[in-house]
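Worksheet: the structure to be examined is printed underneath.
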Protein chains: 2
Amino acid sequence: MLLTLDSSLHKPLYVQIRDQIRERIMAGAIRVGERLEPSRELAKRLGVHRTTVGNAYAELEAEGLIQGTVGRGTFVSPLASQLKSPPPRARRSTNDFFWDGLFVEEPRDDALGRLMASAFQPGVISFAASHASLELSPVDLVRRATDRVLRREGARLLQYGPSDGYPPLKRYLQSQLRRDGIPAELDEILITNGCQQSLDLLRRSLVTAGDTVACENPTYPGLSRVFDSPGVRMIGVPVGAEGMDLDLLQAVIEQSKVKLIMTSPNFQNPTGRVMPLAARQRLCDLATRFQTPVAEDDIYGALRYHGRELPPLKSLDTAGLVIYLNSFSKVGFPGLRVGWIVASRRVIERLRAAKQRADLHTNLLGQAVLEELGRGGWLNKLLRRTRKLYEHKLGVLRGAAEQHFPPEAVCVYPQGGMSAWVELPAGLDAAELLVKAQDCGVIFAPSQYFYFQQPQHNAFRLCFTALPDHQIERGVTILGELLKAAMRKNGKGRKKSAAGANVALV
Amino acid sequence: MLLTLDSSLHKPLYVQIRDQIRERIMAGAIRVGERLEPSRELAKRLGVHRTTVGNAYAELEAEGLIQGTVGRGTFVSPLASQLKSPPPRARRSTNDFFWDGLFVEEPRDDALGRLMASAFQPGVISFAASHASLELSPVDLVRRATDRVLRREGARLLQYGPSDGYPPLKRYLQSQLRRDGIPAELDEILITNGCQQSLDLLRRSLVTAGDTVACENPTYPGLSRVFDSPGVRMIGVPVGAEGMDLDLLQAVIEQSKVKLIMTSPNFQNPTGRVMPLAARQRLCDLATRFQTPVAEDDIYGALRYHGRELPPLKSLDTAGLVIYLNSFSKVGFPGLRVGWIVASRRVIERLRAAKQRADLHTNLLGQAVLEELGRGGWLNKLLRRTRKLYEHKLGVLRGAAEQHFPPEAVCVYPQGGMSAWVELPAGLDAAELLVKAQDCGVIFAPSQYFYFQQPQHNAFRLCFTALPDHQIERGVTILGELLKAAMRKNGKGRKKSAAGANVALV
């Protein structure tokens, strides 16, 4: 594609690129289905910043002229043939370019977000997102609970509330925490809009430029996005069969002043690994010895299907160094956005002040509904049914995978949580597999989305909780066929692929 | 009070202070009702940092031994006489002190928060907070709307939603915005957890160390707390009868590169001032000429009781430079935490990414309920009744003030919003008045809480919307008496007071 840019023109460069590509599509010089040059390459060739091309592509995508597909590239959309002339842009501010210089951060590529969005397309079997099963949807429970709390509490729920949370919900959580071996005072609990906000408040209150944070690698991408800010050093600690590698963690702490250790001992996302009791004890000892705070994300903790429950780190924490995070999202209520933090009073005080600046307080109606469901025993009842259903679904996944996956694909079936983890031989690339799977109407999250350092390309996460049984079976069958084909190809081209894997490991 | 500190002890200094004061209270050496030395003075005398004394006082307050009263000081609590020995502290982590060195920011004095909290004490007539009247509480509307949306939308409302907001609510807002002369596309609208989060997202996306922000002075304290971060220069632009002083603003923009202008053209908080049409036009022209973005907070805009509605800045903005903020909080639903931002697509993209990192998305149930109420016409009906009621209450306030306030107290009665602004002669201190008013069971917000620069001490804000008529009358009568007494005293000591006022103006 030959484009001519003129930086002396008053027209911004991205507009020049956009207009010239649009013109060519309209004229039929680039045809429907044709692949556009990757933005990085085009940028290099034109000698402009990559975001300049990205901006042009984004506008063309918004106009419906082109579309991007994860891992495959950007193509001229079938819609383009229906469009005779550029869509009216009169109302669009032409000032978009102006803003680009004002933002604090560079925009990030949101490949995962696009993948999640495609999960909602009709006919797609999505193993991509950790969504709850709709089979147990507690809508009627919520409907009745809302009615009861609004009749009982009335106007109070519509007015401003305390920044640390709706007091009855805090008392309910206190009783539940005690059951889990965490005897928290009320001023050691803060209600947030779910774990994502909890992570954000931790970052705002504790982590600044010059600080080092130790995180599990791979990890939940929402976590690395929160902590990855200018001047903050993130150290990835690999996750093995027993969770975070504590030998490596210790080496890291000994070498650097670590401000915060982030861990998820139960059903770690994405690997599903569980940290055994002895390791939990050792992590608490390390924290105490090196006086290093630990944030424990227990969002999947309540979803154990079988095996003995393990005590949360917070219940083993005699030094007051563990900050415990949890939420109602993974037990069926992500849309209500309610989570909680348990920590030393001093920490909660600061997090509450940060919460107040961030959004005053969490929505009261959601808090009251969850308290009502909790106090009435409905949450625990729902949790028991959820665990049973998810265990069943995991069994369906396992049965299908054992039948259809080639032996080289190693599945890690968790004792709880919402996803399994599949490891492929080195040299196989899960994102390449995704491209083929998408063509067959199946999607999943490839491992590279979860690594913020030293990305591994040969694994993927399968979330099984939201899918009906027949879709799990069908999806796994399709993936099995694709995996077998990939293995055959991998066997043939072993040398080349192995080299590729080595490069990726750098 | 004679305290002996020994920095060679293993015991932290604040613990030494706490324990020695506790000991003296227990021994009766300091008696119930006795005033403690202000923390600043005690810190100076002991040669320790002020937060050290603050920490000791905070712990004693948590134990119930002492209590602080806004503007008056800290006193030994009546509870102290009932306590024979220090309360058990076994379960309290003794690690609180450890954390103090880890936080990113210094703790702030939250005088306003304490004042708001005391508003809920029984018998107190509070003009302090902008709370809605419970007389029109839309609880039954919300109860029925929740039932309808949960029956109709079902599980979808309990699951994860899009970061930019619940699509039907965005479409409803789009139709309302069009009516207000703001023809926004859907991708120019972002739903947030209310205006506080909108401010926070703006700060995160647009303002970093080295940037300058021009804000109205006085202003909503939640705004200055958001923008007041290390390296950010905040310039206070005085608010006059026509809102933000645009001559001064222009001078500021000409002298400094201003990253963002914050303004609230309708019923500015706390002054209640309205920016006239010509000034709005001029502000837009300034923004365009200097290519400076403007954030327009219109949270009180819908609460105009009489007079012609003025077009929002955003509707006059041809250059795409205005970022418009609004919420459902001031029309009766602060507890649901739902607000919105309208801006250029590029700005919304970045704010949405920041929102996703901050808390994924806003709670869906609240969004769906508000959409249901909006689309059904209930919100507009409620708004009409609210305006009428608040206009009536303003009339009650005005009648009482004209009868009971001395002529030297100049009341600025707004054409809308939730509060009136009272200006006193120079030399009178509203915080001192508050101390006396609190003794009589009346509270309000003194002007110094709203200034982030050059604090003025001789004004206060009276929020009248949440109070029953007879409480407005009684509160104003009491304030009138106190004001008259203060005027008499001021008259006698004029010289001294005037000097004090000059000092305060520096």
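The values are calculated or read from the model by the stated rules, or taken from the named source; none is laboratory data. What you are looking at is a predicted structure, and each value in this text was computed from that prediction instead of being measured. Backbone-built Cβ (ideal geometry, glycine too); neighbour counts: all protein chains shown. For accessibility, only protein heavy atoms count, side chains too; no ligands or nucleic acids. Shrake-Rupley method; radii C 1.70, N 1.55, O 1.52, S 1.80 Å.
Quick notes
- The alpha-carbon atoms of segment B:84-206 define a convex hull whose volume equals 295 cubic angstrom per residue.
- Debye log10 I(q)/I(0) at q = 0.32 Å⁻¹ for segment B:395-439, Cα point scatterers: -1.18
- Residue by residue along B:123-134, Cβ atoms of other protein chains within 10 Å of the local Cβ number 1 on average.
- Nonlocal amide H pairs with B:VAL412, under 5 Å, H built at 1.01 Å: B:TRP421, B:VAL422, B:GLU423
- The simple spin-label model puts a point 7 Å past each Cα toward its Cβ; for B:THR477 and A:LYS388 those points are separated by 6.6 nm.
- Cα-based Rg of segment B:327-479 normalised by 2.2 N^0.38 Å, two decimals: 1.33
- Listed pairs A:LYS170/B:LYS388; B:LYS170/B:LYS381; A:LYS330/B:LYS355 exceeding 26 Å between Cα atoms: A:LYS170/B:LYS388
- Among residues other than B:CYS195 with Cβ under 12 Å from its Cβ, the summed charge is -3 (Lys and Arg +1, Asp and Glu -1).
- Interface of A with B. Using a 1.4 Å probe and counting protein heavy atoms only, the two chains hide about 7900 Å² of accessible surface, both sides summed.
- Mean partner shielding of peptide A:336-342, defined as the number of other chain Cβ atoms within 10 Å of each residue Cβ, is 3.
- Modelled spin labels at A:ARG289 and B:GLU242, positioned 7 Å past Cα toward Cβ, are 7.1 nm from each other.
- Of the solvent-accessible surface of the protein assembly as shown, computed with a 1.4 Å probe over protein heavy atoms with every protein chain present, carbon and sulfur atoms account for 52 percent.
- Shown in residue order for segment B:382-399 are the 3J(HN,Hα) couplings computed by the Karplus curve 6.51 cos²θ - 1.76 cosθ + 1.60 at θ = phi - 60°: 4, 4, 4, 5, 5, 4, 5, 5, 5, 4, 4, 5, 4, x, 4, 4, 5, x Hz (x for Gly and Pro).
- Column: log10 I(q)/I(0), Debye, Cα scatterers of chain B, q = 0.06, 0.08 Å⁻¹: -0.33, -0.59
- Occluded residues from segment A:104-121, i.e. those whose accessible area drops by 50 Å² or more once the chain is not alone (1.4 Å probe): A:VAL104
- Cα centroid of segment B:261-305 to Cα centroid of segment A:391-427, whole Å: 58 Å
- Cut-off under 5 Å, modelled amide H: who pairs with A:ILE323 long-range: A:VAL294, A:ALA295, A:GLU296
- The longest stretch of chain A left intact once loop-based trypsin sites (Lys or Arg not before Pro) with at most 12 other Cβ atoms within 10 Å are removed from consideration, loops following DSSP, is A:309-506.
- Where the protein assembly as shown is the region considered: accessible area per residue in Å², 1.4 Å probe: 41 Å²
- Residue by residue, segment B:135-152 carries 3J(HN,Hα) couplings of 4, 10, 3, x, 4, 5, 4, 5, 4, 6, 5, 4, 4, 5, 5, 6, 5, 7 Hz when phi is fed to the Karplus relation 6.51 cos²θ - 1.76 cosθ + 1.60 (θ = phi - 60°); x denotes Gly or Pro.
- Taken along the Cα-to-beta-carbon direction at a fixed 7 Å, the label points for A:GLU105 and A:ALA278 span 4.0 nm.
- Here A:SER315 sits with roughly 40 square angstrom of accessible surface, probe radius 1.4 Å.
- Separation between Cα centres of segment A:32-83 and segment A:366-382, rounded to whole Å: 48 Å
- Here the calculated FRET efficiency for B:GLU408 and A:ARG171, from their Cβ-Cβ distance with R0 = 60 Å, stands at 0.75, rounded to the nearest 0.05.
- With the cut-off at under 11 Å, measuring from each backbone N in segment B:164-202 to a point 7 Å along the Cα-to-Cβ line of B:SER256 picks out no residue.
- The alpha carbons of the protein assembly as shown occupy a box of 100, 69, 53 Å along the principal axes, longest dimension given first.
- Taking the inverse of the mean 1/r over every pair of distinct Cα atoms in segment B:139-376 gives a Kirkwood hydrodynamic radius of 18.3 Å.
- Kirkwood hydrodynamic radius over Cα pairs of segment A:241-382, then Stokes diffusion coefficient at 20 °C and 1.002 mPa s, in µm²/s: 129 µm²/s
- Distances between placed amide hydrogens fall under 5 Å for A:GLY243 paired with A:VAL274, all partners being 5 or more residues away or on another chain.
- Karplus 3J(HN,Hα) series, Hz, for segment A:367-372 with 6.51 cos²θ - 1.76 cosθ + 1.60 (x for Gly, Pro): 4, 5, 4, 5, 5, 4
- For A:VAL149, B:VAL239, the ranking by accessible surface with the largest value first comes to B:VAL239, A:VAL149, using a 1.4 Å probe.
- Those residues of segment B:352-379 for which accessible area with every protein chain present is at least 10 Å² below the isolated value (1.4 Å probe): B:GLN356, B:ARG357, B:ALA358, B:ASP359, B:LEU360, B:HIS361, B:ASN363, B:LEU365
- Computed on chain A, with alpha-carbon pairs under 8 angstrom and 6+ residues apart, the relative contact order is 17 percent.
- Accessible surface of A:GLU391 - all protein chains present, 1.4 Å probe, nearest 10 Å²: 70 Å²
- Taken as Cα centroids, segment B:159-199 and segment A:172-204 sit 30 Å apart, rounded to the nearest whole angstrom.
- Among beta bridges identified by DSSP and lying wholly in the protein assembly as shown, the antiparallel ones come to about 60 percent.
- Considering only segment B:180-290, percent of DSSP beta bridges that pair antiparallel, nearest 5: 20 percent
- Two-site FRET efficiency, B:GLU309 against B:ARG31, from Cβ-Cβ distance with R₀ of 56 Å, rounded to 0.05: 0.40
- The simple Förster model, with R0 at 30 Å and r as the Cβ-Cβ distance, assigns A:ARG179 and B:HIS49 a FRET efficiency of 0.15.
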